[in-house]
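Heads up: the structure comes next, in structure tokens.
The values are calculated or read from the model by the stated rules, or taken from the named source; none is laboratory data. The structure displayed is predicted, hence computed values, not measured ones. Note: ideal-geometry Cβ built from the backbone for every residue, glycine included; neighbour counts use all protein chains shown. Quick note on the areas: whole protein, heavy atoms, side chains included, nothing else; ligands and nucleic acids left out. Shrake-Rupley method; radii C 1.70, N 1.55, O 1.52, S 1.80 Å.
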Amino acid sequence: MRAEVEALIEELKRLRKSGVTRVNVSDAAIQSLKKFSKGSPVAATTRAAVLDSIPDRVRSASVKDFDKVLVETKTDTKKAAAKQTYGAKLPRPPSILLPEGDKRKRWEALREKVLECKTCNERVKPGKKVVFGIGNLDADIFFCGEAPGADEEIKGEPFVGKAGQLLNKMIGAMGLKREDVYIGNIMNWRPEMPTPTGNRPPTIEEMNFCLPYLKAQLEVVKPKLIVALGATAAKGLLGADSFRSLRELKGQWQTFEGVPVMPTYHPSYLLRNDTKRDKRSAWEDWLKVMEKAGMEISDRQQGFFL
Ligand code: URA
């Protein structure tokens, strides 16, 4: 056991010697190493766990002193997240020329372009996926989210996690199915974090890089309207300086490239704020969406969450 940990320390020393000044250590590894530092036996998997947790692009706690890593990693990763400037070195946003042909052909060509996008793929963690929009290419309603999360980058599909389940329910409450609408995100990849878990909103540069891909999806689908899910999606579409708080625009029609946009709460917000008032407030925006899309609204639907 001791030999394994010594090997680990050697590995860290080697990394430091080769110019690596920061490593990321998983919580599980820290716990095992803490046990070791107190003199109790360490798990045989510790070395693998720690080494596995060192990312390609090394990002968090200082390796100056091995003990310090154990103590400081957690706080360091948070500080690093706050300090880090993400997305600053992105190339110019791509220009996209869709091929001639029907919607399906144009959409498939676009999808391939996004899935092969070098910049996007360079920012996706190993084993994870670039996420492109999905749904009915003749949809009237285009739901636009912010960025893929953990579940989405595994599946390569937008809104498949908890927020997606709520979105599906809300679509159901409209009398539609997920397959009837189009669902996309401003971002094609999950914004990187210095920690293995957690999400952060995309930067303006990241959103601007991905925006041409979103515009091209709108060009293919030609929806009657867009629902901007949350403040980040609304900022991505309407401009970062167009408002300070979502409350300023929520429920009021805006326009993006000539298409009406309804800014409303993100489903994740509704999962965190599970009050009747918030649900009703969101639903009132959705009723406006149904009306604009020319959908019939039943008395029952009118009265949801009252
Ligand atoms: N949140 C988003 O904004 N988009 C997703 O695809 C998933 C969660």
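Odds and ends about this structure:
- Per-residue HN-Hα couplings for region 244-259 [Karplus 6.51, -1.76, 1.60; θ = phi - 60°; Hz; x = Gly/Pro]: 9, 10, 3, 4, 5, 10, 3, x, 10, 4, 10, 9, 10, 6, x, 9
- Reported to the nearest whole Å, the Cα centre-to-centre distance from region 190-245 to region 101-157 is 13.
- Stretch gain in nm, segment LYS222-ASN273, where the contour uses 0.36 nm per residue and the Cα spacing is subtracted: 15.1 nm
- Cα-projected label distance for LYS215 with LYS292, points at 7 Å along beta-carbon direction, nm: 2.0
- Segment LYS125-ALA173, length gained on full extension (0.36 nm per residue, minus Cα span): 13.7 nm
- Separation of the ASP102 and GLU192 label points, Cα + 7 Å toward Cβ, nm: 4.1
- One decimal place: the segment SER95-ASP180 gains 27.7 nm when fully extended, by the rule 0.36 nm per residue minus the C-alpha distance.
- Extending 7 Å from Cα along the Cβ direction at GLU116 and again at LYS162 yields two label points whose distance is 3.8 nm.
- Links that overshoot a 29 Å alpha carbon limit, given the list LYS169/LYS250; LYS118/LYS224; LYS125/LYS162; LYS89/LYS113; LYS162/LYS292: LYS118/LYS224
- Computing FRET efficiency as 1/(1 + (r/R0)^6) for ARG300 and TRP253, where r is the C-beta to C-beta distance and R0 is 22 Å, gives about 0.35.
- Global geometry of region 247-306, whether rounded, prolate or oblate, following the gyration tensor of its Cα atoms and the 1.5 cut on a/c: oblate
- Carbon + sulfur, % of accessible area of region 241-306 - ligands and nucleic acids excluded, 1.4 Å: 43
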